[in-house]
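**Student:** Below you'll find the structure I mean.
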Amino acid sequence: MAYRLLADATAFAHLLFVLYVAFGGFLTWRWPRTLVTHVLAVVWGAASVLIGFDCPLTSAENWARTRAGESGLPPGGFIEHYLTGVIYPESALGSVRAAVVVCVVVSWTVLWTRHRHSRVRTVAPRLTRQ
């Protein structure tokens with residue numbers, strides 16, 4: 001029972017990580033200091049898709065499921081098992097990946113624009129003559 005709970009908790013953490021990769025850039029609007037964490041998550045997520053290495057969360061879930069007497073995830077891992085074909089059709093995988101890229105680019109672009117404008121507002125008063 002404990003291994004099953006551990007496996008489910010790992011799957012939930014994995015889902016949170018995937019959601020953070022896709023939408024965490026929007027959190028940086030409120031908490032700009034989380035940008036470094038989000039950049040690292042995006043790099044890790046993109047590298048795992050592009051290079052195809054195994055995610056440690058998938059390995060941890062497989063380990064816990066095996067200990068619980070269940071079968072592990074298929075070779076495609078977390079996304080193939082829980083998301084592709086369940087949340088969106090398999091034929092839409094490319095579109096979903098593109099949408100994630102768009103979310104990241106939009107969130108970072110807005111953050112950069114906000115940062116740039118806030119710096120202009122703080123510098124501009126000093127430039128005006130009194």
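The values are calculated or read from the model by the stated rules, or taken from the named source; none is laboratory data. Bear in mind that the values here come from a model prediction, so they are computed numbers and not experimental data. So basically every Cβ, Gly included, is an ideal-geometry build from the backbone, and we count neighbours across all protein chains shown. In case anyone asks, the SASA skips ligands and DNA or RNA and just uses the protein heavy atoms, side chains included. Shrake-Rupley method; radii C 1.70, N 1.55, O 1.52, S 1.80 Å.
**Student:** Which pairs do you get when a residue that is under 15 Å from residue 57 (Cβ atoms) and open to solvent by 60 Å² or more (accessible area, probe 1.4 Å), found in the stretch 1-27, comes within reach of a residue that is not in a loop (DSSP other than H, G, I, E, B) and not basic (Lys, Arg), reach meaning Cβ atoms under 6 angstrom, with the pair 6+ apart or on two chains?
**Tutor:** What qualifies is 6/64.
**Student:** Taking the criterion of being small (Gly, Ala, Ser) and in contact (Cβ under 8 Å) with a residue 40 or more places away in the chain, would at least one residue in the stretch 71-92 satisfy it?
**Tutor:** Start the filter on the stretch 71-92 by keeping residues that are small (Gly, Ala, Ser), which leaves 71-72, 76-77, 85, 91-92.
Filter once more, so that each one left must be in contact (Cβ under 8 Å) with a residue 40 or more places away in the chain: none.
Within the stretch 71-92, none of the residues are small (Gly, Ala, Ser) and in contact (Cβ under 8 Å) with a residue 40 or more places away in the chain.
**Student:** Given the conditions (1) surrounded by 17 or more Cβ atoms within 10 Å (Cβ to Cβ); (2) among the β-branched types (Val, Ile, Thr); (3) without any contact (Cβ under 8 Å) to a residue 12 or more places away in the chain, which single one is not true for residue 100?
**Tutor:** (3)
**Student:** Could you list all residues from the stretch 56-82 that are under 20 Å from the mean Cα position of the chain (by Cα), open to solvent by less than 40 Å² (accessible area, probe 1.4 Å) and of a type outside the set (A, V, I, L, M, F, W, C)?
**Tutor:** Those that are under 20 Å from the mean Cα position of the chain (by Cα), open to solvent by less than 40 Å² (accessible area, probe 1.4 Å) and of a type outside the set (A, V, I, L, M, F, W, C): 58, 61, 77.
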